[in-house]
Structure formats: structure tokens, C-alpha cells
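> Just dropping this structure here.
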Amino acid sequence: QVQLVESGGGLVQAGGSLRLSCAASGRTFSSYAMGWFRQAPGKERDFVAAISWSGGSTYYADSVKGRFTISRDNAKNTVYLQMNSLKPEDTAVYYCAAGASIRDLIATMYDYWGQGTQVTVSS
């Protein structure tokens, strides 16, 4: 069992930055690929980024490539999402998730997910 708790969301102006964190409980954190998803009001939950269990591989949605960076610290059981050059269209609730692989996460197949943190980007 893995429990995930996101933090770091907030209100930021367009062009600004935020760093989201996802703290995981459980001894098996390092065996999971981790990902970030987001859901805007009235829309489906979309894949944002994923990272392999070792941190050696990452994958991003085209909409955030070059602006967002996913990373993890297995010693701290934490995964991060650094978001730069934020745009109003990045406004959403951001969720972290744990899955068997990056491929599974891209296919929105995850085993655990958190409660989400709100990110609002004003124009």
C-alpha cells in the first residue's frame, strides 16, 4: 500500500513558477514509476509527466515539454514537479500517481493516486 500526498500548489501569475511535491508513505515507493496528472474543470484527467523507479527515464506531455521537470528522491520518498513559464491553461488540480511503469502511467493505468493540489495561473 502506498499513500500519496501532494503539496505546493497555489496561485501564480503567468510566466511564474511553482514546485509541486508528492510525499509517499510505504517502503515500496522506490519500486514504482511515478507520474503527475492534471484535471481542469469540466475536463478529463490528463497525463503530464512520468519518471521511472530509478529516475533514469522521464516522459512528458507535449504541452509541458521544456517547461516542466519531473524528478524524484527515493531516499525521501518524494517526487517533484518543477513548473516554469506557467500559462493560464496550466490551471488545474494536479495529482501524483504511482504505477508499474512509465508506459502504464502514460496509459493512465496507475495503482495509487493522491488527493490533488490546486494550481491556478492568472493572466
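The values are calculated or read from the model by the stated rules, or taken from the named source; none is laboratory data. Just so it is clear, the model here is predicted, and its values are computed rather than measured. Virtual Cβ from ideal backbone geometry, glycine too; neighbours counted across all protein chains shown. Quick note on the areas: whole protein, heavy atoms, side chains included, nothing else; ligands and nucleic acids left out. Shrake-Rupley method; radii C 1.70, N 1.55, O 1.52, S 1.80 Å.
> When you scan region 15-27, do you find a residue that is more than 15 Å from the chain's Cα centre (by Cα), open to solvent by 50 Å² or more (accessible area, probe 1.4 Å), closer than 25 Å to SER123 by Cβ and modelled with pLDDT under 95, even just one?
No: zero hits.
To keep it simple, each residue is scored yes or no on (1) among the charged types (D, E, K, R); (2) touching a Phe, Trp or Tyr at 6+ places or on another chain (Cβ under 8 Å); (3) surrounded by fewer than 19 Cβ atoms within 10 Å (Cβ to Cβ).
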position: TRP36; (1), (2), (3): no, yes, no
position: GLY42; (1), (2), (3): no, no, yes
position: ALA49; (1), (2), (3): no, yes, no
position: SER54; (1), (2), (3): no, no, yes
position: TYR59; (1), (2), (3): no, no, yes
position: ASP62; (1), (2), (3): yes, no, yes
position: LYS65; (1), (2), (3): yes, no, yes
position: PHE68; (1), (2), (3): no, yes, no
position: ARG72; (1), (2), (3): yes, yes, no
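> State all residues of region 109-123 that are in a strand (DSSP E or B) and either open to solvent by 30 Å² or more (accessible area, probe 1.4 Å) or among the acidic types (Asp, Glu) (or both); if no residue qualifies, say none.
Once the filter is applied, which keeps residues that are in a strand (DSSP E or B) and either open to solvent by 30 Å² or more (accessible area, probe 1.4 Å) or among the acidic types (Asp, Glu) (or both), region 109-123 yields TYR112, TRP113, GLN118, THR120, SER122.
> Tally the residues that are open to solvent by 40 Å² or more (accessible area, probe 1.4 Å) and either under 15 Å from SER7 (Cα atoms) or free of Cβ contacts under 8 Å to residues at least 12 places away in the same chain (or both), restricting the search to region 90-108.
2
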